[in-house]
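Coordinate-derived values only; no laboratory data. Everything quoted here is computed from the prediction, not taken from an experiment. Don't worry about glycine lacking a Cβ; one is built from the backbone with ideal geometry, like all the others, and counts go over all protein chains shown.
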């Protein structure tokens, strides 16, 4: 909650352009979602961490959802002005290692719109540590009208 305002501001229409969720309408909406994530962490169902730069500024978040399952889902986003600096890779690598060591998870689900170049590049950076198994392409329209071309991948630890 310490970074609620920055989370609310950073999770904007550009960040969510190729994602299922939309930007928050109000800061209260963001707060409710973060509270849900905190409850899931307390129940050891999810991992949810703020990503900070070297100066300690909030720049995004990384998540692992569905820890009780065999193939938890990954999520990561970085504010626009801090993208392409390696933060997403570093955060995702750390949370994957943590999920493996503490929850013994070796397979993860990662999904990204095929037009999101940054997410695709991020996936390929993980090829040394994971076998990446491409799933079927899923073309969907969200409730808000976004047309997404979601490519799923299963990452299996080597």
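Please label the shape of segment 99-158 as rounded, prolate or oblate, based on the square roots a ≥ b ≥ c of the eigenvalues of the alpha-carbon gyration tensor (a/c under 1.5 means rounded; beyond that, a/b larger than b/c means prolate, else oblate).
Taking the square roots of the gyration eigenvalues as a ≥ b ≥ c, segment 99-158 is prolate.
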If the chain between residue 85 and residue 121 were fully extended at 0.36 nm per residue, the gain over the current Cα-Cα distance would be 11.7 nm
Beta carbons within 10 angstrom, averaged per residue: use that to sort the peptides 97-108, 60-71, highest first. 60-71, 97-108
Sequence gap at least 6, Cα distance under 8 Å: using those rules, report the relative contact order of the chain to the nearest whole percent. 19 percent
Could you identify which residue out of 114, 51, 59 has the top mean-square fluctuation in a GNM of the chain using Cα springs shorter than 10 Å? 114
Let me check I have the definition right: for the chain, take the eigenvalues of the Cα gyration tensor, multiply each by 5, take square roots. What are those semi-axes in whole Å, largest first? 22, 19, 16
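Rounded to the nearest 500, what is the chain's calculated 222 nm mean residue ellipticity when only DSSP H runs of at least 4 contribute -39500 (n - 2.57) each, over all residues?
Numbers: 4 runs with 49 residues, N = 158.
Computed ellipticity for the chain at 222 nm equals -9500 deg cm²/dmol.
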